[in-house]
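Okay, structure first, notes after.
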Amino acid sequence: MTAAAPVRALVVQNTPRGGPGRLGAWLREHGLALDVVHPYDGGELPETLADHQALIVLGGGYMPDADDRAPWLAPVRGLVVRALETEVPVLGVCLGGQLLAYVAGGTVRAAHGLPEAGSTELTLRPEALDDPLFGELPSRVKAVEHRVDAITALPVDAHWLASSERCPVQAFRVGESAWGVQFHPEATAETVRGWDAGALREQGFDRDELIRTAERDEAVSARNWHGLARRFASVVANGS
């Protein structure tokens, strides 16, 4: 008997330190094989998603159309468009979520509103109750943030799933199986420990306090985002 081919997800990592972290470990645990590509360092992106059953785009300090600074974003946008056209499941994190909103017709603005950093409370909206990923979460959850840019208008017909005090669009879904999140489900207190203390201070944050808060919230946060990863893996497996 021939073994079934693995369910593969293409993961686009946009910065050296912006890897899939625990999110990647959870997705592998629940059956996905991850092909992580580093286009910022010359990693070659596929032209299509023919060999992949999911697309995951991670974060980075760019606007979604910053082709002058990150020329690989143009082909990434093309892959997201093809995923939407063919209903390949998508998970966009931070920049990845902004890029999903952008290609689907939304608006993203640089340095918009007050910045967010560290473990932050999110509020789920009523639309999240029957969402395949967010429906099982409590109405208020904590997630690690690290952003200055923001989605200011969602695509037409997008499902708006979660918000925070400083950033109205924290999570959304386009169509049936493409999700964007502004927060970082892959990030931990150890991630926060690696952030630039001086840059955080300029934004009004104390890194030591952010670390303590992230450590306090991490156990519950990990359970919530592990569950979300499991449900995304299930969506991918059921559609493959």
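The values are calculated or read from the model by the stated rules, or taken from the named source; none is laboratory data. Keep in mind that what you see is a predicted model, and the values were worked out from it rather than measured. Note that we place each Cβ from the backbone using ideal geometry, even for glycine, and neighbour counts take in every protein chain shown. Surface accessibility is based on the protein's heavy atoms, side chains included, excluding ligands, DNA and RNA. Shrake-Rupley method; radii C 1.70, N 1.55, O 1.52, S 1.80 Å.
Key figures
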read-out	value
In region 61-94, residue surrounded by the most Cβ atoms within 10 Å (Cβ to Cβ) [restricted to those that are aliphatic (A, V, I, L, M) and assigned to a helix (DSSP H, G or I)]	Val80
Complete set of residues in region 23-49 that are over 22 Å from Ser234 (Cβ atoms) and either in a strand (DSSP E or B) or aliphatic (A, V, I, L, M) (or both)	Val37, Leu45
Single unsatisfied condition, Trp225 versus (1) more than 14 Å from the chain's Cα centre (by Cα); (2) modelled with pLDDT of 95 or more; (3) in a helix (DSSP H, G or I)	(1)
Options Ala162, Ala171, Ala128, Ala101; residue that is open to solvent by less than 10 Å² (accessible area, probe 1.4 Å), over 26 Å from Glu218 (Cβ atoms) and modelled with pLDDT of 95 or more	Ala101
Residue identified as polar (S, T, N, Q) and surrounded by fewer than 21 Cβ atoms within 10 Å (Cβ to Cβ) among Ser119, Ser139	Ser139
Some residue of region 1-11 being surrounded by 13 or more Cβ atoms within 10 Å (Cβ to Cβ) and assigned to a loop (DSSP other than H, G, I, E, B)	no
Residue within region 176-198 that is under 22 Å from Ala83 (Cα atoms), in contact (Cβ under 8 Å) with a residue 24 or more places away in the chain and open to solvent by 40 Å² or more (accessible area, probe 1.4 Å) present	yes
